[in-house]
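The values are calculated or read from the model by the stated rules, or taken from the named source; none is laboratory data. Here the structure is a predicted model, which is why all the values come from computation and not from measurement. Every residue, glycine as well, gets a Cβ built from its backbone with ideal geometry; the counts of neighbours run over all protein chains shown. Side chains are part of the model used for accessible areas, which takes the heavy atoms of the whole protein and leaves out ligands, DNA and RNA. Shrake-Rupley method; radii C 1.70, N 1.55, O 1.52, S 1.80 Å.
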Amino acid sequence: MASFRDILKYYTRYSQISALSIGASSLFAIADLAVPYAIGQLLNVLSDRPTDTITQKSIAAIASLTQQSPSKILSLSVLLGLIFVVTVVKAPIELWMGNWFHWVVPLRARRDWMKGAIGKMLTLPLEYYDENNAGRISSRIAKGIANHTWTYPEIAAEFIPEVVRLIGIFAVIWLIEWRIGLLISISFIFILSFTLKGLQGLTQREEILDEYIEDTESRNSEIITNIKTVKAFATETNELKKQTTRLDRELKVVIQRIHKGYVILGTYRQAIVQLCLFSVLGFSLAATVAGKISLGYFVTVYTLASMAYSQLRPISIIAELFARRYSSMIRFHEFMQLPDGVDAVNLTENAASASPYKFSGKIEFCGLTFGYDREKPVLQDINLLIHPCQTVALVGRSGSGKSTLVKLLFRYFEPNSGRILIDGEDISSLNVTGYRKRLAIVHQEVDVFNGSLLDNLTYGNPKATFAQVEEACRIARVDEFVNLLPQGYYTVVGERGMRLSGGQRQRLGIARALLVEPDVLIFDEATSSLDYESERSIQLAMQNILGTRTTIIIAHRLSTIREADAIVVLDGGKIVEVGSHDELLNQKGIYRRLHKLQETGELLN
């Protein structure tokens, strides 16, 4: 569970720079107190009243150093010089010693944590993405990091220096008249305690609001992703109505529960501040009339008190901003603390240095049992041997465990019991990056990035030569359509490959898989959603590959697997039949029944 300590750790890497810049800003804030002090002493000099001991000693020392006699002109000059140093001279230095680093730190930290967030995305288990869509995840990351970035300069450049200045003000006033200093101290403790208590309740409401906003942005992402379906079913009005309801709910929470709470809190605080400041004026005036403090000290005390109480507003605003951002920053750290998936790779490892495996393609499933819920196994006691360069097809109803078997082969999950061997080695003992580089898969829906066709083709092997690309495209029959594209291989295919047809994306996926020169190639229902012509093109592409490497085909359409060396039929998570197409038809079992269902036009479920 994330806490305030995790927010502080966000900047740990730059703690030394932070300490230096915050310390410098705090010193500059203390130096500002010299101005009202010097003005108070100037009034004493102008009214021919004695200055305090510190000023007298300073002027005497300067007079001795310059071999002059203490005079009114020298006193005024020294006090003006002090004001000049802490205003004019300090101004440009303060920008570089403080403000420069107040932005350097959060911007560098943003780079570091964004890199870490991307790393976390790449190592989270697949089931996390089944429960959370892209909009929700990206919103949590972007909002959390943005609020960290904007909050640091406010805390480092304003909040902490202002608090240090307040402490300095209390010290000066206490030395001048301790009773007034005590009054101001008590009032500040009361006001800050009252403010913090109010902010604590508002922070909890901000957390609820963040969850509402994540829901809205998550749905926005789904609408964008599925916009064709939205338009096809003419549900634009319904979607707008649903999102409007969410927005109205957010607005109600913001105005009635949060914004109103901040205004009420500010109202009470402002009234108390003005009452306290008036009380300080009365006490200071009484002390001056009684002769306990000089006129100069009266001006200094009231000026410093006004400065102190005036700082309560910006300090409170920063505290309110922090309260508004706190929940999103905490939720970001909760995301970063999510456990990695069992298939997480070592992101610090150089990909080029990953173990350079080379397999013959012999795969053995030995007593394999697995369930996403251990009490409900999806696969039970799977025993299967696939020989090198053999083509094996997996068939069965939806939910029979075909795709799960492939996920285990890719080490997305660890089996509950049993082992998977490749060339006699347990895959769990192999470097996951090096191992996966020897496998390739073509999914039913090929993932295409918003870049050129060539970028997508070489995604798994950026070092592939153009000659290799052309050869892979010839085998996968990509060359049949690439010349029809406006810029050929350099055509930008759009997000998710929207400028390509389903069959073209499938052939792109096959060519991309071939370019990594895998030892094991998997087709996961690669033709199930295609028309006959596209399916025929994919089948021809697959025929060019069969026998060149170990190939596993998951298929609903049994017409695509007639030439497989072995067909494995799964039912209820178990292997019930194994054989060639003709052998299984002669067995009069499940495969034959499924084959007849497809021949009669019924769907395989």
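Inside the stretch 40-61, residues that are open to solvent by 30 Å² or more (accessible area, probe 1.4 Å), among the aliphatic types (A, V, I, L, M) and in contact with a Ser or Thr (Cβ under 7 Å, 6 or more places away or on another chain) make up a count of 0. Give the stretch 178-200 a look and list any residue that's under 34 Å from the mean Cα position of the chain (by Cα) and exposed (fewer than 13 other Cβ atoms within 10 Å of the Cβ), or say none. Once the filter is applied, which keeps residues that are under 34 Å from the mean Cα position of the chain (by Cα) and exposed (fewer than 13 other Cβ atoms within 10 Å of the Cβ), the stretch 178-200 yields SER193, LEU196, LYS197, GLN200.
Quick one: is ARG136 of a type in the set (Lys, Arg) and over 23 Å from the mean Cα position of the chain (by Cα)? Explain how you work it out, then say what you get.
Values: of a type in the set (Lys, Arg): yes; over 23 Å from the mean Cα position of the chain (by Cα): no.
When the stated conditions are applied, ARG136 does not pass them.
Can you give me the number of residues within the stretch 233-248 that are open to solvent by 80 Å² or more (accessible area, probe 1.4 Å) and either closer than 28 Å to GLU320 by Cβ or in a helix (DSSP H, G or I) (or both)? The qualifying residues number 9. Just one residue in the set LEU275, LEU251 is part of a helix (DSSP H, G or I), surrounded by fewer than 14 Cβ atoms within 10 Å (Cβ to Cβ) and modelled with pLDDT under 80; that residue is LEU251.
Taking the criterion of being modelled with pLDDT under 75 and of a type in the set (A, V, I, L, M), the residues of the stretch 200-241 that qualify are LEU202, ILE208, ALA232. Remark: ASN99 falls outside the filter, which requires a residue to be assigned to a helix (DSSP H, G or I), under 24 Å from SER294 (Cα atoms) and polar (S, T, N, Q). Can you tell me which residue in the stretch 101-111 is farthest from LYS57 (Cα to Cα), limited to those that are open to solvent by 70 Å² or more (accessible area, probe 1.4 Å) and in contact (Cβ under 8 Å) with a residue 24 or more places away in the chain? Per the stated criteria, the residue is ARG110. Restricting attention to the stretch 551-571, the residues that are part of a loop (DSSP other than H, G, I, E, B) and open to solvent by less than 50 Å² (accessible area, probe 1.4 Å) add up to 3.
Out of curiosity, is GLU334 farther than 23 Å from HIS259 by Cα and under 24 Å from the mean Cα position of the chain (by Cα)?
yes
Per-residue answers, yes or no, for (1) open to solvent by 70 Å² or more (accessible area, probe 1.4 Å); (2) under 17 Å from LEU312 (Cα atoms):
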{"position": "ALA156", "(1), (2)": "no, yes"}
{"position": "ILE160", "(1), (2)": "no, yes"}
{"position": "LEU166", "(1), (2)": "no, yes"}
{"position": "GLU211", "(1), (2)": "yes, no"}
{"position": "THR216", "(1), (2)": "no, no"}
{"position": "ASN226", "(1), (2)": "yes, no"}
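When you check GLU525 against the structure, is it within 30 Å of SER452 (Cα to Cα), open to solvent by less than 30 Å² (accessible area, probe 1.4 Å), modelled with pLDDT under 85 and within 39 Å of the chain's Cα centre (by Cα), yes or no? Answer is yes for this residue. Taking the numbered list (1) out of contact with any Asp or Glu (no Cβ under 7 Å at 6 or more places or on another chain); (2) surrounded by fewer than 21 Cβ atoms within 10 Å (Cβ to Cβ) in turn, LYS402 passes all entries but (2).
Every residue, every condition in (1) crowded, with 17+ Cβ neighbours inside 10 Å; (2) part of a helix (DSSP H, G or I); (3) in contact (Cβ under 8 Å) with a residue 40 or more places away in the chain, yes or no:
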site	(1), (2), (3)
SER310	no, yes, no
PRO314	no, yes, yes
ILE317	no, yes, no
PHE322	yes, yes, yes
ARG325	yes, yes, yes
GLY341	yes, no, yes
ASN346	no, no, yes
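Just to be sure, is SER218 out of contact with any Lys or Arg (no Cβ under 8 Å at 6 or more places or on another chain) and in contact (Cβ under 8 Å) with a residue 24 or more places away in the chain? Judged against the criteria, SER218 is not a match.
When GLY497 is tested against (1) buried (at least 21 other Cβ atoms within 10 Å of the Cβ); (2) at pLDDT below 75; (3) at negative phi, only condition (3) is not met. Only one of the numbered conditions (1) at pLDDT below 90; (2) farther than 23 Å from VAL446 by Cα is not met by VAL576, and that is (1). Scanning for something within 17 Å of LEU368 (Cβ to Cβ), free of Cβ contacts under 8 Å to residues at least 40 places away in the same chain, open to solvent by 10 Å² or more (accessible area, probe 1.4 Å) and out of contact with any Ser or Thr (no Cβ under 9 Å at 6 or more places or on another chain), does the stretch 443-457 turn up at least one residue? Scanning the stretch 443-457, I find no residue that is within 17 Å of LEU368 (Cβ to Cβ), free of Cβ contacts under 8 Å to residues at least 40 places away in the same chain, open to solvent by 10 Å² or more (accessible area, probe 1.4 Å) and out of contact with any Ser or Thr (no Cβ under 9 Å at 6 or more places or on another chain), so the answer is no. Which pairs turn up if I take residues in the stretch 50-65 that are charged (D, E, K, R) and look for partners that are part of a loop (DSSP other than H, G, I, E, B) with beta carbon separation below 6 Å, at least 6 apart in sequence or on another chain? As it stands, the answer is none, since no pair meets every condition given. Taking THR51 and the conditions (1) under 27 Å from the mean Cα position of the chain (by Cα); (2) among the β-branched types (Val, Ile, Thr); (3) not in a helix (DSSP H, G or I), which numbered condition does it fall short on, given that it satisfies the others? Only one criterion in (1) under 27 Å from the mean Cα position of the chain (by Cα); (2) among the β-branched types (Val, Ile, Thr); (3) not in a helix (DSSP H, G or I) is unmet by THR51, namely (1).
If the condition is being in contact (Cβ under 8 Å) with a residue 24 or more places away in the chain and open to solvent by less than 90 Å² (accessible area, probe 1.4 Å), then the stretch 254-263 contributes VAL254, ILE258, GLY261, TYR262. Just checking, how many residues over the stretch 62-85 are open to solvent by 60 Å² or more (accessible area, probe 1.4 Å) and not in a loop (DSSP other than H, G, I, E, B)? Number satisfying all stated conditions: 11.
Contact annotation: residue pairs with Cβ atoms under 7 Å, 6 or more positions apart or on different chains, pairing a residue in the stretch 462-475 that is under 12 Å from ALA513 (Cα atoms) with a partner that is of a type in the set (D, E, K, R), are CYS473/ASP479.
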